[in-house]
Every structure is written in structure tokens, then in C-alpha cells.
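Worksheet: the structure to be examined is printed underneath.
The values are calculated or read from the model by the stated rules, or taken from the named source; none is laboratory data. Everything numeric here is computed off the predicted structure, so don't read it as measured data. All Cβ positions, even for glycine, are placed from backbone atoms using ideal geometry, and neighbour counts span all protein chains on display. Calculation scope for accessible area: heavy atoms of the full protein, side chains included, ligands and nucleic acids excluded. Shrake-Rupley method; radii C 1.70, N 1.55, O 1.52, S 1.80 Å.
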Amino acid sequence: MIRFDAVSKEYPGGTVAVDELSLTAPSGTITVLVGPSGCGKTTSLRMVNRMIEPTSGTITIDDRDITSVSATELRRGIGYVIQHAGLFPHRTVVDNVATVPMLTGTGRRQARSRAVELLERVGLPAAFADRYPAQLSGGQQQRVGVARALAADPPVMLMDEPFSAVDPVVRDQLQQEFLRLQQELGKTIVFVTHDIDEAIRLGDTIAVLAVGGRLAQVATPAALLATPADPFVAGFVGRDRGYRALAFMSAEVALAAEPAVALGSPLARARDVAVDDWVLVVDENDRPQGWLHLPAHPAGGPGPAPGEVGPALLNLGGTLAPVGGTLREALDAALSSPSGRGIVVDDAGRLVGSVSAATVLDHVHDTAADTPARGGA
Amino acid sequence: MTSAAGSAPWDLFGYFADHREQVLELLWSHTWLSVLPVVVGLLVALPIGWLARRYRWAYPPIVSVTGLLYTIPSLALFVIMPTLLGTQILDPLNVVAALTVYTVALLVRVVADGLAAVPEDVLQAATAMGLTRLQLLRMVQLPLAVPVIAAGLRVATVANVSLVAIAATIGIPQLGQLFITGFQLSVSGPYYPPIVLGIVLCVALALLLDRLIVLSARLLTPWQRVVTAR
Ligand SMILES: Nc1ncnc2c1ncn2[C@@H]1O[C@H](COP(=O)(O)OP(=O)(O)OP(=O)(O)O)[C@@H](O)[C@H]1O
Ligand SMILES: [Mg+2]
């Protein structure tokens, strides 16, 4: 647990970067500091590993004042990841990762073999170990940065916009893997970003800072979207927060049975089970393959078996929602389905049933009526 | 008196064959007189350059004062060294000390700028990993400053090879001696071989030392080849 207790930072020259910040980052969770540029996120983060000394207030980690040990010792127990990774250009990837363990007395051989393990853990093949950072892409460098921060197995990690400098596709992938990694490791993480979407995706707790270093709201992602504390937070969280909030509601909606035909069935059979001219086609294991629109193929399609349901006839539109997923996934499945029926599948990808957009929206309506507005924590 | 054939400017080989032992001795002393000040100068410039980098306010005064040292005429420095050091006038130490002053003048700025060339995010990351100042210097700043420092060393070394020659005028034996010999033998008519030999050996020595520095820098910076190879 990291605790800020009335922490302020005034830079020489009079800029108040952080103003009386009191905040708790619970152990084993991700606490995200989010806010516009210049609101004091980096300053707050760097006060935790004493790269910046607060003007007043105290910071404790697991109830120990961070000034009770030397800065060097403190830092060796805290992983730190920054925007451009800051890898040592003159050291190979594996030596970059092994740096802190070797400083703290781990033998070279052991430190390096553990470094290679860590690289694989963050999704880099062992073949990258002997490359120099300049031989990696930005996304790969960032993975090495994460591996390096994890190398000494620190209980606490500080991350300052670690995924901001990579393109959206890579960022999405890194975020996903980061969440998976955190599920395994359970570190106490303070994560800085200016991107509210990233904050909502990654944070267990989100602290919104306003310019001048004022803490505007601390809340779970769902509570932040549902009940912003003031106009600043409402504005910052953004316009389509209603839609995004669906990602935090589980889709406990009643599913309709969805008739389906297997690939290779006679078209006549498809005609028998079709609802509104659309029929779902599955493979031999009951996994959805696509939709067949019967009026478009009155006599079947080209190919060796014109009277059968073949892959060439299928419309591949429509995302699949996992059973037990969120309302956002269910709604997306319904909206993107050509038949208007969103397909829900189980863990093995097998058809469970379908859901319509109207069903999802009814459910949202009922939930909103049941739940009184929740305040920020 | 030397033969007429031997007075052709390009008969340096004949001259070398006749004075082989003496010339090699001059070459050797020229070499260590040039190299030793670079080594000592680098050792002195490292902490001063580090200070200039570490304390930002110290950079302008340190760099301008050390830079000014370079404007002292070398002959004057050679002559006043015995007084400053309490050495004999013909002690080669005077030359070493004087050239060390020039090397320091040149390298302080190079070292400070080389250390400053380390990217800020690399420094931030290194500090956050809990490296002490000394570890930071040894493991990050110095290795990354090698290309810049090596470039400075090349300039200092080549400059020293030519400055050492001037020390002949105060009687310290090295390749500059060949110019004085040539000058003395030219009283009754031009006699070039020792002069040309001296120039050729000076240039060859400078080139050789330059190559050595380039090669060692390359060995110390394998990561740079990777980057340029892309
Ligand atoms: N060393 C410094 N000296 C003086 N002022 C500073 C210093 N570092 C930061 N500031 C000021 O403090 C405020 C907060 O800076 P900080 O870097 O913490 O912002 P941030 O929230 O991380 O912004 P960004 O999203 O742009 O990274 C800014 O107004 C900044 O100009
Ligand atoms: Mg910042």
C-alpha cells in the first residue's frame, strides 16, 4: 500500500505542481493517476521513489516512511517504467534486464538466465536477448522496459505513460498483456496516463487530477463514468462515457435460443430454420462461422455442391460476445450482427444463444432504475 | 661534408640508413612525450569535466578558464615550467607537464559535453533503478561518452605530436631535433633529408596514434556498429 498524506510540491519559481495530495494506492492493485498535461502526475509519481522530494507531507509504503531508508535502497525495491523505456543503448537487451539483480549481488549467470525468462514472460523471444535496444521496435523496447523493472521482483511498480509512444494497435496489445501479467504478479502499481480510456481499461482505482495538482476525484472506473464528482471530471471523462460504462456492467440478460445449421447442410434445411431470412451457420463443433442470408442465395452458390450451405455463402459480420461478458460486448455483438441478433459463445467458442440490442437496452434501463447513483470513493 | 647525391630532398632513406639508431631514439622519445600527456590529461580532465557537468553553474567558468589555457604560447610554457615545477631546464618532465596542460584545456569541455550527451530518459531510468552516482558514471555515462571523448583524444594527440617538436628549441631530444639538424646543415646550401624525414615520421606517428584511438574506441562501443549498420 502506498499512501500520500497531504503531499505538496512547489517548484522553485513558485509552480505548485501537487497540492495537498492525500491518496491511497491499495496493495496488489493498479491505481491510475490521470489528468491533463501539467497537472502534476509525473511529479506525484517521482516523489514515491524520491527522484523528487516533496515540499511538505509524507509518503509511506506499507506504513514505512519512504525517507527512513536511503534513496538508493528505496529505488531498488521499486520498478520504474517510462515513456520511451530509457533502455541503456550500450547494453544488450539481456544485460539491460539483468542490471539491478547484478547490482544487488545476484551472480551474472543467474541474473542473465532469469532475465531471459522475464523477456519471454513479457512476450519477447529469447532470440532478442543479445540484441541492442536500437535493434528493437518501440513496442519491443517498451516490453524490455517492463521486464527490466520487474527484474528485481519489486513489490511496487511506478509507470509513467509507458504505452503512450507506441501506435494504437501495439498499445492495445501491450495493455492487454500488462493486465494478464498483473493478474499473475499482483504488484502494487501506480500508473500515470493522460488518456482516460487507458485509465478506465487498466485501473482498479482512478485518481483524476486537475491542473494545479488538485485531486478532483478518486473512484473505480465504473463509478467515475456513472457519477463524475464535478464538471471538470465530467468533461475530462468525455462524451460517450454512457456507452463506455456498459463495459463495467455484466451482461446478465436472458438469452434467446438461436437455431443454427452446420456447414454442408442442405439449403432446404437452412430455409426451414431461418428466422427473418437469416440463419446462423456453425462448424461441426458448434462454433459460429457466419450468417447466411437466404434471399441472396435462392439456389445456393457456385462450387462443387450448389445445394449445400458452403463457406462462400457466409456473411462474416458480427462480433461474438462471451457468456458472462459485459453489456458493452453484448451490445456490440447485437449492433454488428447482420441479422440484428448478437451471438453469445462459451469459453470454447461454442454457440450458447443470441441477444438483441433491444434486450440489452431494456436491461440497462432496469439496472439504472434499480441502482441509485454511486458517489466517488 | 655530405655528398652531393645525398643532399637531394628525397634522400631521406639514405639519411635514415646512416643515422638509424639516433633517429629511432628520437622517434621513441617523441612518441612517449606525445602520449603520456594525453593519458595524464585525460585522468585530470575526467573529474573536472564531471564537476562541470554535475553542477550546472560551474560549467561556464570551468570551461572558459580551462579553454583559456590553450592560448598560452607553447614555447613560453616550456620555458616557465622549470620555475613552476622546480625541475631542471632540460628535464623532459617540463614538456610532459606543459602538454598535459594543453590536453586538459582541450579535454575538459569534451568530457563535460560527452557526459551531457547521455539521453535524459536513460539517466532518469538509471537513477530510478537505484544506481549510485559513481555507478551511474561508470556503468552509463562514461561508456556512452566514449565516442565523444575519443574524438577529443584524437585532436589532443595529433596536436601533441606537432607541439612536442617545438620542444627541440629548448633542447629536449625528439623528432624536432631533425629540423634543427637540417637547418644547421643548410648553412652552406639547402640540405633537406633530415627535415623531410622528420616531417614524414611526425605525420606517420600522428596517423598511427590516431588509428589506435579509433580502433580502441570501436572495440569499446560495439553497440554503435549495430546502429550504423542498419
Ligand atoms: N523541474 C521543474 N521545475 C519547475 N517546474 C516544474 C518542474 N517540473 C515540472 N514542473 C511544473 O510542474 C507542473 C507539473 O508537472 P508534471 O511534469 O508533474 O506534469 P504531468 O502531469 O506529468 O504532465 P504531462 O502529462 O505533460 O507529462 C507543470 O506545470 C510543470 O511545468
Ligand atoms: Mg508527465
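A few remarks follow.
- For segment A:10-47, the set of residues classified as open to solvent by less than 30 Å² (accessible area, probe 1.4 Å), within 14 Å of ligand 2 (Cβ to nearest atom) and in contact with a helix residue (DSSP H, G or I) (Cβ under 9 Å, 6 or more places away or on another chain) consists of A:17, A:18, A:32, A:33, A:34, A:35, A:47, listed by residue number.
- Screening residue A:32 with (1) of a type in the set (Val, Ile, Thr); (2) within 16 Å of ligand 1 (Cβ to nearest atom); (3) within 13 Å of another protein chain (Cβ to nearest Cβ) gives one miss only, at (3).
- Of the criteria (1) open to solvent by less than 80 Å² (accessible area, probe 1.4 Å); (2) at pLDDT 85 or above; (3) over 21 Å from the mean Cα position of the chain (by Cα), which one residue B:57 fails: (1)
- Which numbered condition residue B:127 misses (of (1) in a loop (DSSP other than H, G, I, E, B); (2) within 14 Å of chain A (Cβ to nearest Cβ); (3) hydroxyl-bearing (Ser, Thr, Tyr)): (1)
- Tabulated pairs, segment A:328-347, first surrounded by fewer than 23 Cβ atoms within 10 Å (Cβ to Cβ), second outside any loop (DSSP other than H, G, I, E, B) and of a type in the set (Phe, Trp, Tyr), C-beta under 7 angstrom, 6+ apart or interchain: A:338/A:278; A:338/A:291
- Scan segment A:55-83 for residues that are among the small types (Gly, Ala, Ser) and in contact with a Lys or Arg (Cβ under 8 Å, 6 or more places away or on another chain) and the total you get is 2.
- Qualifying residue in segment A:135-144 (condition: among the β-branched types (Val, Ile, Thr), more than 16 Å from ligand 1 (Cβ to nearest atom) and open to solvent by less than 10 Å² (accessible area, probe 1.4 Å)): yes
- Matching residues in segment A:180-216 - criterion: being in a strand (DSSP E or B) and small (Gly, Ala, Ser): A:207, A:210, A:216
- The set of residues from segment A:187-215 being away from ligand 1 (no atom under 13 Å from the Cβ) and under 25 Å from residue A:15 (Cβ atoms) comprises just one member, A:206.
Okay, residues lined up against (1) free of Cβ contacts under 8 Å to residues at least 60 places away in the same chain; (2) facing another protein chain (nearest Cβ under 7 Å); (3) on the phi < 0 side of the Ramachandran plot:
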{"position": "A:60", "(1), (2), (3)": "yes, no, yes"}
{"position": "A:63", "(1), (2), (3)": "no, no, no"}
{"position": "A:74", "(1), (2), (3)": "yes, no, yes"}
{"position": "A:81", "(1), (2), (3)": "no, no, yes"}
{"position": "A:85", "(1), (2), (3)": "no, no, no"}
{"position": "A:95", "(1), (2), (3)": "yes, no, yes"}
{"position": "A:101", "(1), (2), (3)": "yes, no, yes"}
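- Restricting attention to segment B:78-130, the residues that are closer than 30 Å to residue A:80 by Cβ, open to solvent by 50 Å² or more (accessible area, probe 1.4 Å) and either touching a residue at least 12 places away in the same chain (Cβ under 8 Å) or among the β-branched types (Val, Ile, Thr) (or both) add up to 2.
- Among the residues of segment B:135-159, those identified as within 11 Å of chain A (Cβ to nearest Cβ) and open to solvent by 10 Å² or more (accessible area, probe 1.4 Å) are B:135, B:136, B:139, B:141, B:142, B:143, B:144, B:146, B:147.
- Pick from segment A:40-58, criterion within 14 Å of chain B (Cβ to nearest Cβ) and charged (D, E, K, R), ranking: farthest from ligand 1 (Cβ to nearest atom): A:50
- Residue among A:183, A:217, A:140, A:176 that is away from every other protein chain (no Cβ under 14 Å), under 23 Å from residue A:60 (Cα atoms), among the polar types (S, T, N, Q) and more than 16 Å from ligand 2 (Cβ to nearest atom): A:217
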